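One structure is given below, encoded as structure tokens.
The values are calculated or read from the model by the stated rules, or taken from the named source; none is laboratory data. These numbers come from a predicted model, not from an experiment. Cβ placement follows ideal geometry from the backbone for every residue including glycine, while neighbour counts extend to all protein chains displayed. These area figures cover heavy atoms from the full protein model, side chains too; ligands, DNA and RNA do not enter into them. Shrake-Rupley method; radii C 1.70, N 1.55, O 1.52, S 1.80 Å.
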Amino acid sequence: MEAQMNPPPTEDADFYDVVIIGGALSGGATANLLLRQNPGIRVLILEKSAKLSRRVGEATVEVSAYFMGRVLGMTQYLNESHLNKQGLRFWFTNDEVKTLGEASELGPLYQVRVPSYQLDRAAFDEEVLRRAGVAGAHIVRPASVTDVQLSPGKEQTVSFRNGDGTKTVRARWIVDASGVAAILARKGGWWVSNTEHPTAAAWSRWKGVKDWDSRELAEKFPQWSSAVYATRNTATNHVIGDGWWSWWIPLKGGDVSVGVVFDQRLVDWPQDGGKIGDRLKTFLMKHPVAREILADAEFDEEDVHWRKNLAYYSTTFAGDGFVLVGDAAAFMDPFYSPGMDWISFTTSRASALIGAQRRGEPLNDLVERHNRDFARSHRCWFEAVYKDKYEYMGEFDLMSTAFIFDLGLYYFGVASRPFRSGEKALLVPPFSQTVTGPIFRFMRAYNRRFAEIARRRRKRRMLGKTNREQRCLIPGFALQSANAKLFLKGFAKWAKVELDELLAPSKS
Ligand SMILES: Cc1cc2nc3c(=O)[nH]c(=O)nc-3n(C[C@H](O)[C@H](O)[C@H](O)COP(=O)(O)OP(=O)(O)OC[C@H]3O[C@@H](n4cnc5c(N)ncnc54)[C@H](O)[C@@H]3O)c2cc1C
């Protein structure tokens, strides 16, 4: 088998070292990395749309913000054209809660310590793609890929349709960055729906959403207003119910992205009541916090979206001649915004794999490790954080305990690594190394336990009992320490939950 192809003569206009399918964040980011790490490499990006539209994936977290700011070098652009994010904030309710002031709150007390951003992805992804073009990528758009023929270790062929008809190009590598279209995974028969996690989502961008830091709300709910020192409006606010959560992400310029995600086993999404946007509003308006903040808001009729069965993965992530990045490789769940962290890891590793082949390194072991690492990372990440989490999503006491552990361990084991070791940390996806086994088992254990406790409460009709007028305000997670005090607080809260469970009547 041919391990490495010679670089093509430059006059061979139909041959590229790498063809990237999809020019949104995953495709643009991979191109930027490849061009920086391999001077002279020939990269073609084929993007279906003439102009990228708004898309979900608007909240970054610490790893994706590191990737965008420090690896892609976009900190100044992010600060000028998008919003600095102030962490995650959650709002819980039960039948006794009638107003925003009575809802329970979980979130940061102060402004956060590590950068993250709220992005308008239509603008951001265009900027990443523009920079790839400036760095030397050849971009063809609108160009819709219609066929790909893989030939391991040899030349791959890609056919696409654009204004000039259908064209075929050849390449040593194909990077699939086609998002949920997941072209290679579906063609290869590797695409698997994650039926253990049947979530669905509806979303839109809204105008007229109230400012959480406004005088109006401060005067209406003075105690509520003074309870927190941070700005609440630029957090990702989560209005939460049994089996569902919603995100409230402000975008530069005043629009707010608001959408609901729910577990289809637990929530009956209204089938009647008008178009998706109307049903989304009706669904949210049952929650007292949403009722307050959305009172005068209107969604954009042209920008309403609905997607069922969100979670899926590919059983193959790479071979000698192709590699899958971002949503084309897998999608787990939007809660905690891991999507662009996944993009940071998959694009960094894709670029490293292609670089290794170009340097003549034997690929078999690298490809095997690539597939093993991402399969393990995806499975463990899912089981540790997401599996059955919607069972206890609406429970203030369980979610605030899980949040302390989930975020504390994310800071300790994932977010701190690139800050300590630089961008090479992004070559190691979370949970892919056996050394993280104990952390994975601990996370899976409390996640399973809290889901079980919520199931019991559901049977006893005791869900949401602690959801009124509680506050769990976190002074802040830090990168340099294990946040020992916070962990102690987490264990104390867990002990209280177990004690309550022990004392609870076995039946209602
Ligand atoms: C409800 C929801 C909320 C989310 N919220 C967050 C969040 O807050 N934070 C976060 O980090 N992540 C979030 N995500 C995940 C995030 O949206 C994705 O991980 C991210 O947008 C994927 O980017 P991508 O570049 O891989 O794919 P996409 O953004 O889907 O881009 C794929 C590109 O490929 C192009 N393409 C497709 N087919 C073809 C073809 N045949 N030929 C040529 N081009 C093609 C498309 O036009 C598109 O531009 C959320 C996801 C969902 C479903």
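Values as computed for the structure displayed
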quantity: Segment 349-397, Rg to Rh (Cα coordinates; Rh as Kirkwood inverse mean 1/r); calculated: 1.31
quantity: Rg/Rh for segment 188-310, where both radii come from Cα atoms and Rh is the Kirkwood radius; calculated: 1.02
quantity: Residue list for segment 219-262, given a label point 7 angstrom along the Cα-to-Cβ vector of Tyr110 and an amide N cut-off under 17 Å; calculated: 227-232
quantity: The chain, accessible surface, carbon-and-sulfur percent (1.4 angstrom probe); calculated: 52
quantity: Nearest-20 debye value, segment 243-402 charge dipole, Cβ charges on Lys, Arg, Asp, Glu; calculated: 540
quantity: Using distinct alpha-carbon pairs, which all enter the 1/r mean, Kirkwood radius of segment 34-160 in Å; calculated: 18.2
quantity: Listed residue (Val267, Ser104, Ser348) projecting farthest to the positive dipole end of the chain, Cβ model; calculated: Ser104
quantity: Positive-end extreme of charge dipole, the chain - chosen from Gly321, Trp244, Val140 (charges on Cβ); calculated: Trp244
quantity: Positive-end residue, segment 395-508 charge dipole about Cα centroid, Cβ charges, pick of Phe491, Gly464, Val428; calculated: Gly464
quantity: Segment 58-106 - charge dipole about Cα centre, Lys and Arg +1 at Cβ, Asp and Glu -1, debye rounded to 20; calculated: 260
quantity: Segment Ala227-Glu498, extension gain: residue separation times 0.36 nm, minus the distance between their alpha carbons; calculated: 94.8 nm
quantity: Label point distance in nm, Glu80-Phe487, each placed 7 Å from Cα along Cα→Cβ; calculated: 4.3
quantity: For q = 0.09, 0.16, 0.19 Å⁻¹, Debye-computed log10 I/I(0) when each Cα of segment 136-253 counts as one equal scatterer; calculated: -0.55, -0.92, -1.09
quantity: Helix runs (DSSP H) in the chain reaching 24 Å along axis by Cα, Kyte-Doolittle at least -1.0; calculated: 339-358, 484-503
quantity: Per-peptide average of other Cβ atoms within 10 Å, ordering 213-225, 29-41, 105-117 highest first; calculated: 29-41, 105-117, 213-225
quantity: Rounded Å value of the spacing that divides the Cα centres of segment 394-467 and segment 59-81; calculated: 24
quantity: Pairs from Lys98/Lys465; Lys85/Lys286; Lys48/Lys167; Lys389/Lys489 whose Cα-Cα separation, in the structure shown, is over 18 Å; calculated: Lys85/Lys286; Lys389/Lys489
quantity: Per-residue ³J(HN,Hα) for segment 190-201, Karplus 6.51 cos²θ - 1.76 cosθ + 1.60, θ = phi - 60°, Hz, x for Gly and Pro; calculated: 9, 6, 10, 6, 7, 6, 6, 9, x, 8, 9, 8
quantity: Surface accessible to a 1.4 Å probe, per residue, for the residues of segment 113-187, Å²; calculated: 41
quantity: Largest to smallest principal axis extent of the C-alpha atoms in the chain, angstrom; calculated: 74, 47, 41
quantity: Dipole in debye (nearest 20) - the chain, about Cα centre, beta carbon charges: Lys, Arg +1; Asp, Glu -1; calculated: 1160
quantity: Whole-percent pair-distance distribution, where bins are 5 Å wide, for the alpha carbons of segment 300-351; calculated: 4, 17, 23, 21, 14, 10, 6, 3, 1
quantity: Separation of alpha-carbon centers, segment 310-351 and segment 10-43, rounded to whole Å; calculated: 18
quantity: Estimated FRET transfer efficiency (Phe442, Arg359; beta-carbon r; R0 51 Å; 0.05); calculated: 0.85
quantity: Ordering of 442-451, 168-177 by burial proxy (mean other Cβ atoms within 10 Å per residue, highest first); calculated: 168-177, 442-451
quantity: FRET efficiency estimate (nearest 0.05) - Cβ-Cβ, His305 to Lys98, R0 45 angstrom; calculated: 0.90
quantity: Share antiparallel - DSSP beta bridges, the chain, percent rounded to 5; calculated: 70
quantity: For segment 363-485: rounded, prolate or oblate by the Cα gyration tensor [a/c cutoff 1.5]; calculated: oblate
quantity: Residue-averaged [θ]222 nm for the chain, counting only DSSP H segments that reach four residues, each worth -39500 (n - 2.57); calculated: -10500 deg cm²/dmol
